[in-house]
Amino acid sequence: IALVAIPLLETLDLLFGCGAVARHRDPVFYDECFEQVLATVKGSKDVRKVTAGIKVFCGYVALDTTGDEAVGAVRQRALARLLAYLAHPYPMVRRASAENLYLALTSTAVDTTVDDDDIEDDIDMDEDGEEESADDILLSTDWDRPVAELKDVRDRLKTLILSVKG
């Protein structure tokens, strides 16, 4: 499977991109496919394989979850994986995850800004006291910085994205 993993992931990304997977509307298929993709990329040191998996996880984020809790659960797991990749040891993987997560969030047209009521302290505010959105953080962060410096950023994104998406 090692020789065909990357082409399969790229093909699955194309199927997500053209809407074929979304039209299938089978939560069991989504879950089983997600598990296979996760098993393929988890722990891999092959940057190309991991970035192909990231694109597939973004396909899951774009799925319409209206009225379907099972699809919503798979979507949440995909979001969690993408957020985990923001603290990956390889900067190229972190950049790919941030870029694809940004594209997925903007294509789903969901507001990722936290309301004043949801802000526990000033961590979600920028220097001007303005609300900080996940999109802003994804775009303005230097993902080439050391992982130790990025974990707080990743955790802030996790709070913003999963609380809004959940």
Calculate what fraction, in whole %, of the accessible area of the range 9-74 sits on carbon and sulfur atoms when a 1.4 Å probe is rolled over the protein chains.
54
Stokes-Einstein, Kirkwood over Cα pairs, the range 1-90, 10 °C, 1.306 mPa s; D in µm²/s equals 121
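Quickly rank 12-18, 64-70, 39-45 as a protection proxy: mean count of other C-beta atoms within 10 Å, highest first. Kindly include the intermediate steps, with their values, before the conclusion.
Values: 12-18: 16.4, 64-70: 11.4, 39-45: 13.4.
For the peptides 12-18, 64-70, 39-45, the packing ranking is 12-18, 39-45, 64-70.
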Tell me, how many Å apart are the Cα centres for the range 132-166 and for the range 36-57?
20
Taking the Cα centre of the range 25-107 as the origin, how large is its charge dipole in debye, to the nearest 20, when only Lys and Arg (+1) and Asp and Glu (-1) carry charge on their Cβ atoms?
540
Using the heavy atoms of the protein chains and a 1.4 angstrom probe, tell me the accessible area per residue for the range 1-114 in square angstrom.
50
Name the shape class, rounded, prolate or oblate, that the alpha-carbon gyration tensor gives for the range 2-50, where a ≥ b ≥ c are the square roots of its eigenvalues, rounded holds for a/c under 1.5, and otherwise prolate holds if a/b is larger than b/c and oblate otherwise.
oblate
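The values are calculated or read from the model by the stated rules, or taken from the named source; none is laboratory data. Keep in mind the model is a prediction, meaning the values are calculated, not measured. Quick reminder, even Gly has a Cβ in these numbers, built from the backbone with ideal geometry, and neighbours come from all protein chains shown. Surface areas here come from the heavy atoms of the whole protein model, side chains and all, with no ligands, DNA or RNA. Shrake-Rupley method; radii C 1.70, N 1.55, O 1.52, S 1.80 Å.
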